[in-house]
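To keep things clear, I will list the structure first and then write my remarks on it.
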Amino acid sequence: MMAARRKGGGASRRLDAHRYSATANDVVGTGTGEAHGNAFRWEYTVALQPGNPLSHVRLKQWMYLQDDGRIVLNRGTIRKFGLQVAQVSEVLRREFSPDNPPVRFTLGAEGFPT
């Protein structure tokens, strides 16, 4: 299937119409993602201190592309030993220009809207 290199190391790959996998320098093993409509979910384990398995935390991110194509709502949770230790909500806004048109509800090979 399609693969893309990520800035800073790692790669993402589209596995089928809805599923993705990805690697990154600080990710333990392979992260998994799934896309349906305007929603995308990533799950992965991060090594906060490489080489120390006790420093690993599990992240789950839900991203929702809004109808205007320029705003993504991101909701993330962080777990350690199965217990939720943090959560984050953020709004990601894309600025438009003639060379940077609005995003539509199509997910690209990297698992991000194109």
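Which residues, counting only those in region 62-104, are free of Cβ contacts under 8 Å to residues at least 24 places away in the same chain and either in contact with a Gly (Cβ under 9 Å, 6 or more places away or on another chain) or hydroxyl-bearing (Ser, Thr, Tyr) (or both)?
Within region 62-104, TRP62, THR77, ALA86, GLN87, VAL88, SER89, GLU90, SER97, PRO101 meet the criteria.
Of everything in region 51-64, what is farther than 10 Å from LYS80 by Cα and surrounded by 12 or more Cβ atoms within 10 Å (Cβ to Cβ)? Give them in sequence order. Spell out the reasoning first.
Residues of region 51-64 that are farther than 10 Å from LYS80 by Cα, as a first pass: 51-53, 60-64.
Listed by number, the residues that qualify are LYS60, GLN61, TRP62, MET63, TYR64.
Taking LEU59, is it under 23 Å from GLU95 (Cα atoms) and either hydroxyl-bearing (Ser, Thr, Tyr) or touching a residue at least 12 places away in the same chain (Cβ under 8 Å) (or both)?
Against the criterion (under 23 Å from GLU95 (Cα atoms) and either hydroxyl-bearing (Ser, Thr, Tyr) or touching a residue at least 12 places away in the same chain (Cβ under 8 Å) (or both)), LEU59 does not qualify.
Looking only at region 52-83, which residues are over 22 Å from GLY37 (Cα atoms) and either in contact with a helix residue (DSSP H, G or I) (Cβ under 8 Å, 6 or more places away or on another chain) or among the β-branched types (Val, Ile, Thr) (or both)?
VAL57, ILE78 - these are the residues of region 52-83 that are over 22 Å from GLY37 (Cα atoms) and either in contact with a helix residue (DSSP H, G or I) (Cβ under 8 Å, 6 or more places away or on another chain) or among the β-branched types (Val, Ile, Thr) (or both).
Just so you know, all these numbers are worked out from the coordinates, no wet-lab data involved. Values in this document were obtained by computation on a predicted structure and should not be read as measured data. Please note: Cβ atoms are built from the backbone with ideal geometry, for glycine as well, and neighbour counts cover all protein chains shown.
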